[in-house]
Amino acid sequence: APAHTLSVAGDAYLDGMTRFGRNASNTTISSGILTATHTVVRVVPESSTADDVDEITAGEDGDFLILSNASNTDTITYKHNNASTAANRLRLAGGADFAAVNRYDYIMLIYRSSGHAAWFEVSRSDNG
């Protein structure tokens, strides 16, 4: 995959379809921690078919994450405000955890580094 960076000062206009995750990564949870490496991530439990995401590391201001299960038989539960490191916490809608029960359930987050630094939920889809 190309290793290039595009920096734009000012407005950027895209015409046509914008695709994220063409090379989406499978990322395995490690002791409740998920490391953000791509915009689109297929989440893999550490062991068994169920796991929790308590925190997400490697966030920078304005980063978006679109998360889904790597397998249709896994249950991944995203835990609201449960991280030991405040800046890695997930601030989920309504203060409620979200259980993704198949690969068609999605949660989208944005990282904010100022104020209450954390990953904030933008949307979720429960397509179980």
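The values are calculated or read from the model by the stated rules, or taken from the named source; none is laboratory data. Please read these numbers as outputs of a predicted model, since none were measured by experiment. Heads up, the Cβs are rebuilt from the backbone with ideal geometry, glycines too, and the neighbour counts pull from every protein chain shown. When the accessible area is computed, the model is the full protein with side chains, heavy atoms only, and any ligands, DNA or RNA have been set aside. Shrake-Rupley method; radii C 1.70, N 1.55, O 1.52, S 1.80 Å.
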Q.
Based on this model, can you work out whether LEU109 counts as of a type in the set (A, V, I, L, M, F, W, C) and surrounded by 14 or more Cβ atoms within 10 Å (Cβ to Cβ)?
A. yes
Of the residues in region 105-116, those that are at pLDDT 95 or above and assigned to a loop (DSSP other than H, G, I, E, B) come to ASP105
Report task. Within region 5-21, identify whether any single residue is within 22 Å of ASN72 (Cβ to Cβ), open to solvent by 60 Å² or more (accessible area, probe 1.4 Å) and not aliphatic (A, V, I, L, M), and answer yes or no. Result -> yes
Per the filter on region 112-124, residues surrounded by fewer than 18 Cβ atoms within 10 Å (Cβ to Cβ) and either touching a Cys at 6+ places or on another chain (Cβ under 7 Å) or of a type in the set (A, V, I, L, M, F, W, C) (or both) are ALA117, PHE120, VAL122
When region 74-104 is checked residue by residue, the ones that are over 21 Å from SER30 (Cβ atoms) and crowded, with 17+ Cβ neighbours inside 10 Å are VAL101
When region 10-55 is checked residue by residue, the ones that are assigned to a loop (DSSP other than H, G, I, E, B), out of contact with any Asp or Glu (no Cβ under 9 Å at 6 or more places or on another chain) and in contact (Cβ under 8 Å) with a residue 12 or more places away in the chain are PHE20, GLY21, ASN23, ALA24, THR37, HIS38, GLU46, ASP54
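Residues GLU60, GLU55: which one is of a type in the set (Asp, Glu) and surrounded by 12 or more Cβ atoms within 10 Å (Cβ to Cβ)? It would help to see each step written out before you state the result.
Working: GLU60 fails: surrounded by 12 or more Cβ atoms within 10 Å (Cβ to Cβ).
Exactly one of GLU60, GLU55 is of a type in the set (Asp, Glu) and surrounded by 12 or more Cβ atoms within 10 Å (Cβ to Cβ), namely GLU55.
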